[in-house]
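Okay, structure first, notes after.
The values are calculated or read from the model by the stated rules, or taken from the named source; none is laboratory data. Values in this document were obtained by computation on a predicted structure and should not be read as measured data. Cβ sites come from the backbone with ideal geometry, for glycine too, and all protein chains shown count toward neighbours. When the accessible area is computed, the model is the full protein with side chains, heavy atoms only, and any ligands, DNA or RNA have been set aside. Shrake-Rupley method; radii C 1.70, N 1.55, O 1.52, S 1.80 Å.
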Amino acid sequence: MALRNVIKIGEDSLRKKSKPVKDFDESLWELLDDMKATMYENDGMGLAAPQVGVLRRVIIVDVNNAFIELVNPEITSQKGEDIEEEGCLSVGNFRGRVKRPYKITVSAFDRFGYPFTLTGEKWLARCICHEVDHLDGVLFVDKCLDKDKYLKQGGKL
Ligand code: NI
């Protein structure tokens, strides 16, 4: 396992759309292991592959001490609304409110290519939505209810 550099907002690659994973091979496992080490090193709750410069649809989350790897995640249903403050390892210290679904169902594959479906509420739902957004080049500050405050502070998009 190795730590990888977390890319910061302002870099083009964070805004690109990631491609699906096709090969569930050793390079994927290495990526996932490195992402895990990098997330914990930075006290994150989640991390998406484009944040370490890899434009593939791979995310990890750790909510309520449950670590989950999701490859090619697709949110298949969402219900309700919830507003909480979020941050992001690619955005620095700014935290701001984001409206997200309260409950989601996501379909994904594990690191060996086996499909699974997961339903999550509140922070798990929020964290998965945040990370899936990264795969499409979307950052929480784009949809943040406190975006004006962020921009006034000199925040970049
Ligand atoms: Ni993030």
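Note on Tyr114 and Lys149: their simple-model spin labels are 4.4 nm apart, each label 7 Å out from Cα toward Cβ. Across region 27-98, the mean sequence separation of Cα contacts (distance under 8 Å, 6 or more residues apart), normalised by length, yields a relative contact order of 20 percent. Residue-wise HN-Hα couplings along region 114-130, as the Karplus relation 6.51 cos²θ - 1.76 cosθ + 1.60 with θ = phi - 60° gives them from phi, are 7, x, 8, 10, 9, 10, x, 10, 6, 6, 5, 4, 4, 5, 5, 4, 4 Hz; Gly and Pro carry x.
As a fraction of the 1.4 Å probe accessible area of the chain, surface on carbon and sulfur atoms comes out at 47 percent.
Residues within the reach of a label modelled at Lys19 (point 7 angstrom out along Cα to beta-carbon, backbone nitrogen below 11 Å), restricted to region 41-75, are 55-57. Largest GNM mean-square fluctuation among Ala49, Ala108, Ala37, using the chain with Cα springs under 10 Å: Ala37.
Protein heavy-atom accessible surface, 1.4 Å probe, per residue over the chain: 53 Å². For Asp82 and Leu55, the difference between the fully extended length at 0.36 nm per residue and the C-alpha to C-alpha distance is 6.8 nm. Listed by chain and number, the lysines whose alpha-carbon sits under 23 Å from that of Lys156, ignoring those within fewer than 8 places in the same chain, are Lys8, Lys16, Lys17, Lys99, Lys143, Lys147. Here the gap between Lys122 and Tyr40, fully extended at 0.36 nm per residue and compared with their Cα-Cα distance, gives a gain of 27.4 nm. The residues Tyr114, Tyr102, sorted by heavy-atom accessible surface at 1.4 Å with ligands and nucleic acids left out, run Tyr114, Tyr102 from largest to smallest.
Farthest towards the positive end of the charge dipole of the chain, among the residues Asn72, Gly96, Met1, is the Cα of Gly96, using unit charges on the Cβ of Lys, Arg, Asp and Glu. In this rough spin-label picture, where each label sits 7 Å from Cα along the Cβ direction, the Ser107-Leu157 distance is 3.4 nm. Each of Asp148, Asp34 has its accessible area taken with a 1.4 Å probe; listed largest first, they run Asp148, Asp34. A Cβ-based charge dipole, computed about the Cα centre of the chain with Lys and Arg at +1 and Asp and Glu at -1, lands at about 640 debye. Short-range pairs are left out: with C-alpha atoms under 8 Å and at least six residues apart, the relative contact order of region 12-152 is 26 percent.
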